[in-house]
Amino acid sequence: MTSLLQAADVELDSTIRAQLVDGAMAIMADDMPSLPLYWSPTLLFYRTTVHGLALNASTQGPFGSVEDWQKGSPEPVQTPGSWSTGGH
């Protein structure tokens, strides 16, 4: 990227200079880190006989784990008050 910008600094032809700067900007865009500043809330409603559903950060939402879904008898839901503390 630096070499493209240095070459653009000394290039006299405006078309070539624009191509060099465009190339450097494409590299910068690819290397730029991403920090999500907004998270869209997702609600997940399902039957108690369906297991394996999970929310994830992908654009697929809960359907990103569809291969893990299973149908079966209801499993007890653990709430923070019912978690095992190992007898302590």
Modelled label-to-label distance, residue 19 and residue 44, 7 Å Cα→beta-carbon offset: nm? 5.0
Exposure proxy ranking, count of Cβ atoms within 10 Å, fewest first, for 35, 20: 35, 20
Segment residue 3-residue 31, length gained on full extension (0.36 nm per residue, minus Cα span): 8.5 nm
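Sort 11, 67 so that the residue with the fewest other Cβ atoms within 10 Å of its own Cβ comes first and the one with the most comes last.
Numbers: 11 15, 67 7.
In order of increasing Cβ crowding within 10 Å: 67, 11.
Laboratory data are not the source of any read-out in this text; all were calculated from the coordinates shown. Model, not experiment: these values are computed from the prediction. For neighbour counting, all protein chains shown are included, and Cβ atoms are generated from backbone atoms with ideal geometry for every residue, glycine included.
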